[in-house]
Amino acid sequence: MRAFCFTVDLDRDVNTPVPGEIPAGSVDRGAGTSPRFGSARAGLDVLLGILSDAGMRATFFAEGRTLETISAGGLSRHEVGVHGYDHEDMTSMSGRDIRECMSKAVGSVRSTVGRDPTAFRAPYMKMNDAVLGILPEFGIKYDSSVYVPLNASIMPRVLPNGITEIPVPEGTDSSGKKIAAYLWPMHEGRRKPDDYVKMASEVEEGVFVLATHTWHMTESRDGGMMTPDQASRNAENVRTVLEGIIGMGFEPMSVPEAAEYLPNAGN
């Protein structure tokens, strides 16, 4: 069978590292790099509407600070995992600081949706053995922080510490250009919905993970805030991708559901 996990990074607007700081900021639009959350909030509403219309659940990897800043009650019917607290590069942190970060982030999810998170995606998709080794201490059972080559078979993999890895595929398109299953190039006008549908079509068994950001529904990294027409076309592109993948027979699932349902997860 083929599972489809639509995953969403719920984090501060256009996150960017700030030199000399552990917490991330937002791209400077003329008022400095202090974190902003308006596009994350607006984009969350757009995506929740799309998902409701499609009748599917997604997995939101939520940054703790963002959860505490915006109203995110609509997440209750979706899977909510951890995406750091301040979008930190956790690979640059000490074990003590990683644990403090995870404690705050898990608490933010618990207080927002009323249950403990079991899934994790590292900010910036930056993972190492130190971070991975600490995750089980906080009840994390599933990770989606790794890219793997696009293949006909993409199965979950159980790691030595018991965490199941649900990777994000990347490959090349028909022109030989690299493509990863992150929608940001489409949001920036550099790719079309069919590119991602075609990518999914190459997976014959296992799980196809697709990722995006909430803020990218209403703001682009390069172009700034989208006009209403741009945001509307952007939302329609996301609908087209989801409908195209589901239309090929993929079954929408959360990351934990896919990890537990697929019977041939490798060890």
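Worth pointing out:
- Rounded, prolate or oblate (a/c below 1.5 giving rounded, otherwise prolate when a/b exceeds b/c) for segment 11-116 by Cα gyration tensor: oblate
- Within a straight-line Cα-Cα reach of under 19 Å, Lys178 can be paired with the following aspartates and glutamates, leaving aside sequence neighbours fewer than 8 residues apart in one chain: Glu170, Glu188, Asp194, Asp195, Glu202.
- Whole-Hz couplings from phi, Karplus 6.51/-1.76/1.60, listed for segment 99-109; x for Gly and Pro: 5, 5, 4, 5, 4, 5, 5, 4, x, 5, 5
- Direction-averaged projected area, Cα convex hull, segment 167-206: 2.9 nm², rounded to one decimal.
- Test item: Cα-centred dipole of the chain, Lys/Arg +1 and Asp/Glu -1 on Cβ, debye: 160 debye
- Report note on the peptides 88-97, 45-54: ranked by the mean count of other C-beta atoms within 10 Å, highest first, their order is 45-54, 88-97.
- For Glu219, the amide hydrogen comes within under 5 Å of the amide hydrogens of Met226, counting only partners 5 or more places away or on other chains and with H modelled in the peptide plane.
- Placed amide H near Val18: partners under 5 Å, 5+ positions off or other chain: Gly25
- Selection among Ala62, Ser94, Gly30 by position relative to the dipole of segment 2-261 gives Gly30 as farthest towards the positive end (Cβ unit charges, Cα centre).
- Alpha-carbon Debye profile of segment 189-260, log10 I(q)/I(0) at 0.24 Å⁻¹: -1.12
- Selection from Leu242, Ala40, Gly176, by position along the positive dipole direction of segment 2-261 (Cβ): Ala40
- For a modelled paramagnetic label at Glu205, 7 Å from Cα along Cα-to-Cβ, the residues of segment 130-155 in reach, with backbone nitrogen under 19 Å, are 149-155.
- Helix-derived mean residue ellipticity, 222 nm - over the chain, DSSP H n ≥ 4, -39500 (n - 2.57), to 500: -10000 deg cm²/dmol
- Each residue, Ile22 and Arg221, gets one label point 7 Å from its Cα in the Cβ direction; the gap between the two is 2.5 nm.
- What you get for segment 30-140, charging only the Cβ of Lys and Arg (+1) and of Asp and Glu (-1), is a dipole of about 180 debye around the Cα centre.
- A simple rule links phi to the HN-Hα coupling: the Karplus curve 6.51 cos²θ - 1.76 cosθ + 1.60 with θ = phi - 60°, which for segment 168-176 gives 9, x, 9, x, 10, 8, 5, 8, x Hz, with x for Gly and Pro.
- Shown in residue order for segment 39-55 are the 3J(HN,Hα) couplings computed by the Karplus curve 6.51 cos²θ - 1.76 cosθ + 1.60 at θ = phi - 60°: 6, 4, 5, 5, x, 4, 4, 4, 5, 4, x, 4, 5, 5, 4, 7, x Hz (x for Gly and Pro).
- For Val168, residues with placed amide H under 5 Å, excluding near neighbours: Val146, Tyr147, Val148
- Percent of Cα pairs exceeding the 22 Å cut-off, where the set is segment 2-261: 53 percent
- Largest to smallest principal axis extent of the C-alpha atoms in segment 132-242, angstrom: 47, 33, 21
- Sorting Arg115, Arg41 by the number of Cβ atoms found within 10 Å of their own Cβ, with the fewest placed first, yields Arg115, Arg41.
- For the chain, the share of DSSP beta bridges that are antiparallel, to the nearest 5, is 25%.
- Rg over Rh, two decimals, segment 69-216 (C-alpha only, Kirkwood Rh): 0.98
- Spin-label pair Met1/Val148, simplified geometry with 7 Å Cα→Cβ offset, distance in nm: 1.8 nm
Bear in mind that the values in this text are calculations on the coordinates, not laboratory data. Owing to the predicted nature of the structure, the values given are computational and were not obtained by experimental measurement. So basically every Cβ, Gly included, is an ideal-geometry build from the backbone, and we count neighbours across all protein chains shown.
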